[in-house]
Amino acid sequence: MNIEMIRAAAQRLAGHARRTPILTSPFLDAIAGRRVFVKAECLQHTGSFKFRGGWSAVSALPPAALQKGVIAFSSGNHAQGVALAARSHGAPAVIIMPADAPAVKIANTRALGAEVVLYDRATEDRDEIGDRLAAARGLTLIKPFDEPLVIAGQGTCGLEIAAEMTALGVTRADVMVCCGGGGLTSGIALALAADAPGLRARPIEPEGFDDATRSLASGRIERNARLSGSLCDAIITPQPGNLTFPIMQDHCGPGVVVTEDQALQAMALAFDRLKIVLEPGGAVALAAALFHPDASEGDAVIAVATGGNVDPATFAKALA
């Protein structure tokens with residue numbers, strides 16, 4: 001896994017992925033006590049950064065593999081990213097999703113033409129289901145984070161952040177990244193190390209599901225005790241990836257853990273001050289930037305707003 005793979009992914013994504021904007025608000029600056037720059041990946045195709053990794057992986061497949069199709073497992077955002085990329089390439093897609101995923105994510109994945117297979121994440125093993133279906137149908141598995149082509153695609157977000165911050169004259173700052181398995185965090189970290197070494201990626205996680213934070217602190221991969229039960233469903237994974245964790249060890253600062261209430265408050269502020277819609281898991285980086293000012297140094301902080309695929313009830317709860 002290296003910067004050349006990220007640059008190659010950027011070439012494949014050119015003209016297909018959106019170059020998402022950097023948003024600012026003096027009201028958010030006042031809360032954080034420093035300049036806050038928000039990379040609005042919630043405005044990416046399918047409503048999250050996951051389109052980058054999905055397109056990167058699907059676009060690299062040979063024609064024979066595309067004809068047979070792809071398979072992925074996801075609570076919703078990777079599902080939609082892979083489903084759209086597969087449809088655009090004329091490839092069938094099977095997506096394995098937890099039955100308790102937000103209904104809007106399941107519906108959107110089906111609407112993008114994918115076959116959705118639901119499972120119980122508390123009692124069933126998605127890897128076993130995926131292996132079985134892939135073997136039976138000859139499908140290519142596209143993992144949600146521990147896959148070089150996916151990490152490379154997510155890293156293109158880091159290339160954009162590096163270029164945008166350089167243009168704005170921001171040369172030293174922490175980049176808060178919503179972190180599940182670490183695909184986006186490690187991809188951004190690699191890109192920043194190459195193009196903006198004064199910017200440092202920081203994994204941000206919800207309380208009770210802080211496996212990356214604990215792993216970086218202990219120096220070994222730590223598992224979460226629970227695999228469900230958080231509003232931040234988009235970034236709930238068992239543990240950091242075998243590929244992503246060493247990259248985070250080499251290039252990331254310590255993790256930051258936020259509460260669900262802080263994520264909901266960040267959602268409301270993003271809507272009120274930036275006019276963007278975030279899901280809880282996509283808002284934890286902004287929550288860290290706003291409500292954990294002591295966690296970072298310098299006069300600026302960058303938060304990646306990773307996704308906006310929120311169901312109406314949860315969004316109403318945030319606004320209330």
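Of the residues making up segment 297-317, those that are closer than 25 Å to ILE188 by Cβ and open to solvent by 10 Å² or more (accessible area, probe 1.4 Å) are GLU297, GLY298, ASP299, GLY308, ASN309, VAL310. Considering segment 104-117, the residues that are open to solvent by 40 Å² or more (accessible area, probe 1.4 Å) and not small (Gly, Ala, Ser) include one that is nearest to ASP233 (Cα to Cα), namely VAL104.
May I ask you to list the residues in segment 26-52 that are closer than 20 Å to GLY113 by Cβ, among the small types (Gly, Ala, Ser) and not in a helix (DSSP H, G or I)? Scanning segment 26-52 gives a single hit, SER48. If you go through segment 257-296 and keep only what is open to solvent by less than 10 Å² (accessible area, probe 1.4 Å) and assigned to a strand (DSSP E or B), you end up with just VAL258. Considering each of ASP146, ASP125, ASP131, ASP120 in turn, give the residue that is surrounded by 15 or more Cβ atoms within 10 Å (Cβ to Cβ), under 21 Å from THR237 (Cβ atoms) and modelled with pLDDT under 95. Of the residues listed, the single one that is surrounded by 15 or more Cβ atoms within 10 Å (Cβ to Cβ), under 21 Å from THR237 (Cβ atoms) and modelled with pLDDT under 95 is ASP146. Within the option set ALA40, ALA9, being in contact with a strand residue (DSSP E or B) (Cβ under 7 Å, 6 or more places away or on another chain) and either open to solvent by less than 10 Å² (accessible area, probe 1.4 Å) or closer than 19 Å to CYS179 by Cα (or both) holds for one residue only, ALA40.
If you go through segment 160-179 one residue at a time, do you hit one that is in a loop (DSSP other than H, G, I, E, B) and closer than 30 Å to THR314 by Cβ? Yes, the conditions are met somewhere in segment 160-179. Filtered by the rule that a residue be part of a loop (DSSP other than H, G, I, E, B) and not hydrophobic (A, V, I, L, M, F, W, C), segment 227-256 gives SER228, GLY229, SER230, THR237, PRO238, GLN239, PRO240, GLY241, ASN242, GLY253, PRO254, GLY255.
Scanning segment 169-180 for any residue that is farther than 26 Å from GLU279 by Cα, touching a residue at least 40 places away in the same chain (Cβ under 8 Å) and not aromatic (Phe, Trp, Tyr) turns up at least one such residue. Per the conditions (1) in contact (Cβ under 8 Å) with a residue 60 or more places away in the chain; (2) open to solvent by less than 10 Å² (accessible area, probe 1.4 Å); (3) part of a helix (DSSP H, G or I), the sole criterion not satisfied by LEU190 is (2).
Summed over segment 78-93, the residues that are surrounded by fewer than 24 Cβ atoms within 10 Å (Cβ to Cβ) and either free of Cβ contacts under 8 Å to residues at least 40 places away in the same chain or closer than 13 Å to LEU139 by Cα (or both) give a count of 5. Taking SER75, is it touching a helix residue (DSSP H, G or I) at 6+ places or on another chain (Cβ under 9 Å), open to solvent by 50 Å² or more (accessible area, probe 1.4 Å) and in contact (Cβ under 8 Å) with a residue 60 or more places away in the chain? So SER75 fails the test.
Rundown of residues vs (1) closer than 14 Å to VAL284 by Cα; (2) among the aliphatic types (A, V, I, L, M); (3) modelled with pLDDT of 95 or more, yes/no style:
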| residue | (1), (2), (3) |
| --- | --- |
| CYS178 | yes, no, yes |
| GLY187 | no, no, yes |
| LEU192 | no, yes, yes |
| ALA196 | no, yes, yes |
| ILE204 | yes, yes, yes |
| ALA217 | no, yes, yes |
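Counting the residues of segment 201-213 that are in contact with a Lys or Arg (Cβ under 9 Å, 6 or more places away or on another chain) and surrounded by fewer than 21 Cβ atoms within 10 Å (Cβ to Cβ) gives 1. Taking the criterion of being open to solvent by 50 Å² or more (accessible area, probe 1.4 Å), at pLDDT 95 or above and not basic (Lys, Arg), the only residue of segment 221-238 that qualifies is ILE221. Given the condition without any contact (Cβ under 8 Å) to a residue 24 or more places away in the chain and polar (S, T, N, Q), answer yes or no: does some residue in segment 284-298 qualify? Taking every residue of segment 284-298 in turn, none turns out to be without any contact (Cβ under 8 Å) to a residue 24 or more places away in the chain and polar (S, T, N, Q).
The values are calculated or read from the model by the stated rules, or taken from the named source; none is laboratory data. These figures come from a predicted structure and were not determined experimentally. Note: ideal-geometry Cβ built from the backbone for every residue, glycine included; neighbour counts use all protein chains shown. Remember, those area values only see protein heavy atoms, side chains included, never the ligands or the DNA or RNA. Shrake-Rupley method; radii C 1.70, N 1.55, O 1.52, S 1.80 Å.
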